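No value in this document is a laboratory result; all are computed from the given coordinates. The shown structure was predicted, so the numbers you read here are calculated from the model rather than taken from an experiment. Note that each Cβ is placed from the backbone with ideal geometry, even for glycine, and that neighbours are counted across all protein chains shown.
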Amino acid sequence: MFIYNLRLAWLSVRRNPILSVLMVGAIAIGIGVSTTTLTVYHLMSGNPIPDKSNQLYAVQLDSRSKEATSTDPPTQLNYRDAMALMHAHRATRQTADYITSLVVHPPRVEQKPFYAVARVALSDFFPMFEVPFQYGSPWEKADDESGAQVAVLSHDLNQKLFGGANSVGKSLQLGDRTFRIVGVLAPWSPTPKFYDLENNHFGDTEDLFIPFGLTVPMQLQSSGNTNCYGSAGDGTFTGFLNSECNWIQFWVELPTQADRDSYMQFLNSYVQEQKRVGRFPRPLDNRLQNVTEWLNFNHVVSDDSRALVALALLFLGVCMLNTIGLILAKFLRRSPEIGLRRALGARRSVLFRQYLVEVGIIGVAGGLGGLLLAWLGLWGVRNLISDGARIAHLDWLMVGAALLLALAASIAAGIYPAWRVIRMAPAAYLKVQ
Amino acid sequence: MLKMQNIDKIYRTDVVQTHALSSFSLEVREGEFVAIMGPSGSGKTTFLNIAGLLETFDAGTYVLDGKDVSHLNDDQRSRIRNERIGFIFQGFNLIPDLNVYENVDVPLRYRSMKAPERDRRIREALETVGLASRMKHVPAQLSGGQQQRVAIARALAGEPRVLLADEPTGNLDSLMARQVLDLLESINDAGTTIVMVTHDPELARRAHRSVHVLDGQLIDTQAAEIAPFQPESEVEPDAARG
Amino acid sequence: MALHPILSATLRNKTGAILIALQIAITLAIVCNAVFIINERLDQIGRPTGMDVDNIFVIQSVGFSPKYNPADARRMDMDMLRAMPGVVDAAPISDIPLSGGGWGDALATKPGEGVSEQSGNIFTVDTHGLNAFGLKLVAGRNFRPDEILEEDSQSTDFPKVVIVTRAMADKLFPNGDALGKTVYEGAGGRHAATIIGIVERMQGAWVHWTGLERSVLAPIVYNQSFTRYIVRTEPGRRDAVMQAARQKLDTSNPGRFIQKVRSLADYRAKSYADDTAMATMLGVVTALILTITAFGIVGLASFSVNQRIKQIGTRRALGARRRDIVRYFMIENWMITSIGVVVGSALAVGVNFWLVNLFSIEPLTWYYIPVAILALWVLGLLAVMGPALRAARVPPAIATRTV
């Protein structure tokens, strides 16, 4: 019966090619537009580290001066507080990190020196954020503050400098210092780049990673955001480190709720202690936000993309109304045939199914067309949005969702017309109009 | 009232030419009730279409109500249809979305006529056909005979010079058919010229005169001398044969 | 022809009419809001920058050799760039306007803690800065060579004079007497500086910041290995000069490399990329939805014509002219569209209310609605034209056909 219905549906599609094309086209455009916007939204709002997003917390301390007006504490720490938390070692894992620019001198002399973005971090950074290694491993914990000149390269930088070969153990000149390569990452690009939302939500992973302990000996400066509450220091590097300028991101790994609670207590008592020496003039407002909370707090999913999804769904509504109208027109035009089939003994439910098979076919065709349009649309978005490549590609989930949506939309659009035509008495169609 | 001379009508398709009418001539005097008879395919409907200015013809002249209508454009023909011709169709051709009152109103809407005047004519016409009480009904709520009477009212409301009826009882049972015919006769008595196309000899005998069409040509005319009234039971075999 | 009989015919045949009216309503709601957002974004992008954006490019120079002398390199580079054919002027700068990265700080009219400050965007320049950016000085004067402060990267000194934009001047001194006044920069207002000039306008680094036009020019040049130069060219010669300058700088000093030679327009485009993307996407959505709706009208009007072939023939037989038939379908469609736009206007306001509440979208300006209504009326009439003309071609002889 299903095959018979398929055959009838195909005959019907062929009988009114223009109407069929219009219907398939309307669904395809509706699906194309909604899939495009939903894909962007889905990739923007994706959870980049689902298994640990409840165990990783961004640390915020309200170290601002009294005048500050914003309701939220800063998203980064200053050097003094970062060092204090680091040395307290109260979390299972922790990292303090920021980005800086370094001149890379390629080992191959024919390559000119160039600027690379380095993340200055603690060795816990890698296991905390589940960073995959291709060769080697993170540096030793002991090297975090020893001033050891060791580096972990990104997959891309290793490709550029060493042609992708295992470069662990080789040396690399960064600025005027020579570093030993201890590890090379496998390709890694969490989307969104949750561990650093200060600088570009969907940007590329850094080119290389070096230990936090090099900050002072190399006088490294953040090339990311720096927010100062009060004086930026006396002009010396030490002065800057001791100032109330916030530029360091601090993450901790706290496996259980109890860990989280005790860490919060620790933060509060730390701040109370600092208050006694005249810092932290504002009321206590320390925060621990897990990855999901952090992404929301930083408005990673842009309002624009939400608004677009909303408009796209309304758009799909218009396409569906359009399709309902066309299907209705098509079915009503075939009323005499229905009357005949009814007169020949077809039950309503049988005819109803026949119509749903027909709209289902239109839906699948529309869905496929919609995927093609979505693919085109996403290609357009990639060219339009900054860092669009990360958030504008079709994945299997969206392909499946688009097809299902198309099928559901077309069947929803077909139910009313099908019900309308089968509801009439058979004689009504047979009578000559 | 209606004078056709040597009318030719040819239907062309890619492969064939059909002479639907050839050298067709007919004159209908004012106040006459003429029946046009012939089997299907004889050219009756073509004659009706041309007489009603629904179609153009290829040769010949046609004078309607003293006016040569052979070479009018589409708008002019619409105007003549609207003002001088009333149509009664076999299938009634009422507009299903409109109620009785609105249906009768249709032709009046196409002339610049004041609303009170339209209203007066609609009511009068519906009164004439005996359906004044059904004004708000839509066609689907009426019997076939009632529908045809609405159609007649629609034709009358325009106060036409000539009424063209196309198998007016073709879709009706005999009782209703008789009512419709009685109505047509009384309209004719009141002075309106009627040309009726039919293949039914019984019907034709109610006319003053029957005309026979075969293969697009008029074969003979025959005045119904016993006019105006003929009891239905007394069928004259001659008239039926034509 | 009067509306009433058409309306009653339409009402008795309502499903198709309701579908189209609803479709038009949602279309109106989407189009109003989409076009409004598009215009809002385009307006933002199109705001005057105060600079000669189209003829400016930026170069980054990074010294890496131990023998690299930043001050010497800068002087040589400046002389070379300023002498190049096609170059109007060049200047060393710290941060790039419209780029999304810069030095934000606050100025106050009084020294001391807790004084209300006006946040602004500081750009460092030398005496060529005004000309290199193409800024219009509306009061006061440019910096003198002796006012230029040379600093290394750690230094936190601030010059004694500044030039501010009109927006910054008015914010600090609402009476319009900013010229010659002293302002205090930095935490606690440690650095006093005199306003010696006011430029009409200069957009800062962060294009989505409300203080975008509150810019401050400070006469500082940095002696550090990383420097940026801004170069302004004669109109139309930017790209050629950009290439030539890159080549010259690349080969002039082996102790450094040149990177990110990009036009200012490019930086601006990148800053507004998401706005452009939003506007483009909404534009595509608007075009598509209007197309879909137009096709929907064509589809249902064709259906309605096909269903009424017989009655069209009858009307023609009863004396309707071709134009009466065309008019009939136009009026019918116009009425359906009108119902749609009435519902749609309410919906547009509703959707906007929703967008305003959930997302940072501005409330709709009222006149978008009548304009959209007009547009949909026209769209509806154009879409129904085809089926209506087809209806007018129905021969009146259809009326006498028995099936």
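Here are the numbers:
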item	result
Förster radius 51 Å - calculated FRET efficiency between A:SER146 and A:ASP395, Cβ distance, rounded to 0.05	0.75
Leading residue at positive end of dipole, region B:40-164 (Cβ point charges), from B:ILE152, B:HIS71, B:ALA59	B:ILE152
Fewest-first sequence of B:LYS44, A:LYS52 by Cβ atoms within 10 Å of each Cβ	A:LYS52, B:LYS44
For region C:271-384, with +1 on Lys and Arg beta carbons and -1 on Asp and Glu, the positive-most of C:GLY296, C:MET278, C:PRO363 along the dipole	C:GLY296
Across A:LYS112/C:LYS260; B:LYS3/B:LYS44; C:LYS110/C:LYS181; C:LYS110/C:LYS171; C:LYS136/C:LYS160; A:LYS275/C:LYS110, pairs whose alpha-carbon gap is larger than 19 Å	C:LYS136/C:LYS160; A:LYS275/C:LYS110
Three-way shape label, region C:191-290, alpha-carbon gyration tensor, a/c 1.5	oblate
Student exercise, region A:35-169 dipole from Lys, Arg, Asp, Glu Cβ charges, in Debye to nearest 20	180
Translational diffusion coefficient (Stokes-Einstein; Kirkwood radius from C-alpha pairs) of region B:54-157 at 4 °C, 1.567 mPa s, in µm²/s	88
Gyration tensor (alpha-carbon) shape descriptor, region C:128-236, a/c threshold 1.5	rounded
Gyration tensor (alpha-carbon) shape descriptor, the protein assembly as shown, a/c threshold 1.5	prolate
Unit charges on C-beta of K, R, D, E only; dipole of the protein assembly as shown, Debye	2360
Magnitude of the charge dipole, region C:321-403, Cβ model with Lys/Arg +1 and Asp/Glu -1, debye to 20	680
CD proxy at 222 nm, helix term only [per DSSP H run n ≥ 4: -39500 (n - 2.57); per residue of chain C; nearest 500]	-16500 deg cm²/dmol
Theoretical gain in end-to-end length, A:ASP204 to A:HIS89 [0.36 nm per residue, Cα-Cα removed]	38.4 nm
Cβ-Cβ FRET estimate between C:ASP250 and A:ALA165, R0 fixed at 30 Å, reported to 0.05	0.55
Using a Förster distance of 51 Å, the FRET efficiency for A:ARG382-C:ARG141 (Cβ separation, nearest 0.05)	0.55
Principal axis box of region C:242-400, alpha-carbon based, largest edge first, Å	97, 39, 21
Residues C:SER225, B:SER186, C:SER215, A:SER65 arranged by fewest to most Cβ contacts within 10 Å	B:SER186, A:SER65, C:SER225, C:SER215
Order of C:MET80, A:MET320 under a 10 Å beta carbon neighbour criterion, fewest first	C:MET80, A:MET320
Net length gained if the chain between A:THR69 and A:ARG347 were fully extended (0.36 nm per residue, minus Cα distance)	92.9 nm
Region C:48-98: trypsin sites (Lys or Arg not before Pro) falling in loop per DSSP and having at most 15 other Cβ within 10 Å	C:LYS67
Listed residues A:MET83, A:THR39, A:THR69: farthest to the positive end of the dipole of region A:25-120 (Cβ charges)	A:MET83
Cysteines not pairable in the protein assembly as shown (beta carbon separation under 4.7 Å absent)	A:CYS319, C:CYS32
Projected label distance in nm at B:ARG79 and A:LEU6, using a 7 Å step from Cα toward the beta-carbon	6.3
Expected 222 nm ellipticity per residue - DSSP helices of 4 or more, -39500 (n - 2.57), all of chain B, to 500	-10000 deg cm²/dmol
Potential extension, A:ALA408-A:ASN268 segment - 0.36 nm per residue separation minus Cα distance	45.1 nm
Over chain A: helical MRE at 222 nm, DSSP H runs n ≥ 4 each giving -39500 (n - 2.57), nearest 500	-16000 deg cm²/dmol
Label zone at A:GLN111, where the point sits 7 Å out along the Cα-to-Cβ direction: region A:149-171 residues whose backbone N lies under 18 Å	A:150-171
Label point distance in nm, C:MET76-A:ARG276, each placed 7 Å from Cα along Cα→Cβ	5.9
